[in-house]
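The values are calculated or read from the model by the stated rules, or taken from the named source; none is laboratory data. Here the structure is a predicted model, which means the values were calculated and not measured. Glycine also receives a Cβ, built like all others from the backbone with ideal geometry; neighbour counts cover every protein chain displayed. The protein model used for the area step is the full one, side chains on, heavy atoms only, and it has no ligands, DNA or RNA in it. Shrake-Rupley method; radii C 1.70, N 1.55, O 1.52, S 1.80 Å.
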Amino acid sequence: GENVEQHPSTLSVQEGDSAVIKCTYSDSASNYFPWYKQELGKRPQLIIDIRSNVGEKKDQRIAVTLNKTAKHFSLHITETQPEDSAVYFCAATPPYGNKLVFGAGTILRVKS
Amino acid sequence: EPEVTQTPSHQVTQMGQEVILRCVPISNHLYFYWYRQILGQKVEFLVSFYNNEISEKSEIFDDQFSVERPDGSNFTLKIRSTKLEDSAMYFCASNRDAPSYEQYFGPGTRLTVT
């Protein structure tokens, strides 16, 4: 089945700097890749997603890139702010179902 | 904006007891899911449900687990005989239709088995 690896497990950046989180997936037929932000004790919240027919998507300070050949996708956050501090999870959806297979998560700390 | 809701927010139970976790998905959504997250770990898929039947389940979802949509609004997860390792946060999620993909998560129920 699908397996998603996520790196790094923790990331500390200075306020205003950029943060990049990377994920790889194993099933080349997976076709949907969302990113969720989870604050302590809260539900995962979708922040951006990308489908397999698109290489890049941007929403204000957040962007996601997808490289289908290499089977990896990345989250880019520019001009980081303290409120960006949270755990970020990538996920992939295999084509034979609708479930989300999550990566292990990245703890992002933005230092002011 | 409509949200997925879950009750209770926290459930404490003794090992061997049955628990039912309840969810109200977003009203026009057709696909429903349960995920769990053990403290400090990643979110894991348990089961998906569509058209009043299970469409997919993981190896975690064994005979101790069952799901039901008893009426037009609720979606429940039952654990028949809880074990210590069932302690986790359980999230319900829903989405409108498969091609849409975006899944909306509820706030979770923290299950503590003692």
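Within the range B:9-47, if we keep just the residues that are in a loop (DSSP other than H, G, I, E, B) and of a type in the set (A, V, I, L, M, F, W, C), the residue that is least open to solvent (accessible area, probe 1.4 Å) turns out to be B:Ile26.
Is it true that A:Lys99 is within 24 Å of B:Ser55 (Cβ to Cβ), within 11 Å of another protein chain (Cβ to nearest Cβ) and either assigned to a loop (DSSP other than H, G, I, E, B) or among the basic types (Lys, Arg) (or both)? The answer is yes for A:Lys99.
Considering B:Glu3, B:Glu56, which residue is open to solvent by less than 40 Å² (accessible area, probe 1.4 Å) and touching a Gly at 6+ places or on another chain (Cβ under 9 Å)?
Just one listed residue meets the conditions, B:Glu56.
Quick one: how many residues across the range B:74-114 are of a type outside the set (Val, Ile, Thr), within 19 Å of B:Tyr50 (Cβ to Cβ) and surrounded by fewer than 20 Cβ atoms within 10 Å (Cβ to Cβ)? Residues that pass the stated criteria total 9. Note on the range A:78-92: residues that are of a type in the set (D, E, K, R) and either closer than 15 Å to A:His7 by Cα or open to solvent by less than 40 Å² (accessible area, probe 1.4 Å) (or both) amount to 1.
Restricting attention to the range A:1-25, the residues that are outside any strand (DSSP E or B), open to solvent by less than 60 Å² (accessible area, probe 1.4 Å) and at pLDDT 95 or above total 2.
Table: residues versus (1) open to solvent by 50 Å² or more (accessible area, probe 1.4 Å); (2) on the phi > 0 side of the Ramachandran plot; (3) at pLDDT 95 or above; (4) in a strand (DSSP E or B).
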| site | (1), (2), (3), (4) |
| --- | --- |
| A:Pro34 | no, no, yes, yes |
| A:Lys42 | yes, no, no, no |
| A:Lys58 | yes, no, yes, yes |
| A:Leu66 | no, no, yes, yes |
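In the range B:51-106, the residue that is nearest to A:Phe33 (Cα to Cα) out of those that are basic (Lys, Arg) and within 14 Å of chain A (Cβ to nearest Cβ) is B:Arg96.
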